[in-house]
């Protein structure tokens, strides 16, 4: 019996979608309430801290410890992650082993919850389970995340090849590639350059060929919980993400933090992790290194 090319194509696409659906992140990764016996890391960080700061919530996650992206950064004015040794030492100081389960949380309107998950799970390969609490909490540890940028230790070396984090060199080499799409998580007015960048020496605009997808479009109002899988998938598809292909997706933002909202939302929608990468230097690197900055809409 002869099988038409159309039938084969439909079969392959359907099979791909079934496979994608099967690897979606477990719902247990996104609980609404903390588990009583699992160490909790407060990932709260604000680009512009609210005034006054939130008061501690009446319900508290167990065994809370700070996990501040600023105190862990290894570059002034950036969020360059530390070396594996540096992160391991930090977790050891919190009595957390590489095989321990962890639950992450943040205060309302915090920004680093998904960055923390992405680094721990996909960059440093923490082997214990990691859950992302979808309900915001504020504890006494949250204030440690409001500190200014610091420089500590040796930053992680990011190769010029495809991986969970990609370099500026990799992004430049693939700007014209048909099998890559670049999504920018910054506010739309920063993308178009109608709102100027506040970082000193940083030009305004966006990377050529990139598409604007401000991360709050994927979130509830508290910037903690993600919208439903179907809602997120529809948003991604409107920006050119092809769920049935091997297309690579590069995510960027201001300094590599909020791009991780997009990264985790994509993975939750069923995109294989090896198709997702965060441009870690993001606009804080691109906009200060003399690269072309495109202004106006996409």
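The values are calculated or read from the model by the stated rules, or taken from the named source; none is laboratory data. Keep in mind that this is a model prediction, so the values were computed, not measured. Cβ: placed from backbone, ideal geometry, glycine included. Neighbour counts: every protein chain shown.
Each residue in the stretch 154-168 was checked for being surrounded by fewer than 18 Cβ atoms within 10 Å (Cβ to Cβ) and under 20 Å from residue 183 (Cα atoms), and 4 of them qualify. Confirm whether residue 296 is part of a loop (DSSP other than H, G, I, E, B), surrounded by fewer than 21 Cβ atoms within 10 Å (Cβ to Cβ) and in the same structural domain as residue 210 (by TED's automatic domain parsing). No.
So, in the stretch 26-43, how many residues would count as being over 19 Å from residue 223 (Cβ atoms) and under 22 Å from the mean Cα position of the chain (by Cα)? Counting residues in the stretch 26-43 that are over 19 Å from residue 223 (Cβ atoms) and under 22 Å from the mean Cα position of the chain (by Cα) gives 4.
Every test in (1) more than 25 Å from residue 121 (Cα to Cα); (2) in contact with a strand residue (DSSP E or B) (Cβ under 6 Å, 6 or more places away or on another chain) is passed by residue 251 save one, and that test is (1). Residue by residue through the stretch 254-274, note down the ones that are in contact with a strand residue (DSSP E or B) (Cβ under 8 Å, 6 or more places away or on another chain) and either part of a loop (DSSP other than H, G, I, E, B) or surrounded by fewer than 17 Cβ atoms within 10 Å (Cβ to Cβ) (or both). 256, 271, listed by residue number. One residue alone among 79, 122 is modelled with pLDDT of 90 or more and over 21 Å from residue 32 (Cβ atoms), and that residue is 122. Within the stretch 167-177, does at least one residue satisfy the condition of being more than 18 Å from the chain's Cα centre (by Cα) and within 16 Å of residue 298 (Cα to Cα)? Yes, that holds for at least one residue. Filter the stretch 172-191 down to the residues that are under 21 Å from residue 48 (Cα atoms) and either exposed (fewer than 15 other Cβ atoms within 10 Å of the Cβ) or out of contact with any strand residue (DSSP E or B) (no Cβ under 6 Å at 6 or more places or on another chain) (or both) and list them by number. If the condition is that a residue be under 21 Å from residue 48 (Cα atoms) and either exposed (fewer than 15 other Cβ atoms within 10 Å of the Cβ) or out of contact with any strand residue (DSSP E or B) (no Cβ under 6 Å at 6 or more places or on another chain) (or both), then 185, 186, 187, 189, 190 are the ones that fit. The requirement of being closer than 24 Å to residue 164 by Cα and surrounded by 20 or more Cβ atoms within 10 Å (Cβ to Cβ) is satisfied by residue 282. Within the stretch 194-207, the set of residues being closer than 11 Å to residue 297 by Cα, within 22 Å of the chain's Cα centre (by Cα) and part of a loop (DSSP other than H, G, I, E, B) comprises 205 only.
In the stretch 24-55, of all residues being touching a helix residue (DSSP H, G or I) at 6+ places or on another chain (Cβ under 6 Å) and closer than 28 Å to residue 97 by Cβ, the one that is surrounded by the fewest Cβ atoms within 10 Å (Cβ to Cβ) corresponds to 25.
Selection of the stretch 9-53 for residues being modelled with pLDDT of 50 or more and part of a helix (DSSP H, G or I) yields 27, 28, 29.
Here is the figure for the stretch 90-134: residues that are closer than 22 Å to residue 164 by Cα and assigned to a helix (DSSP H, G or I) total 13.
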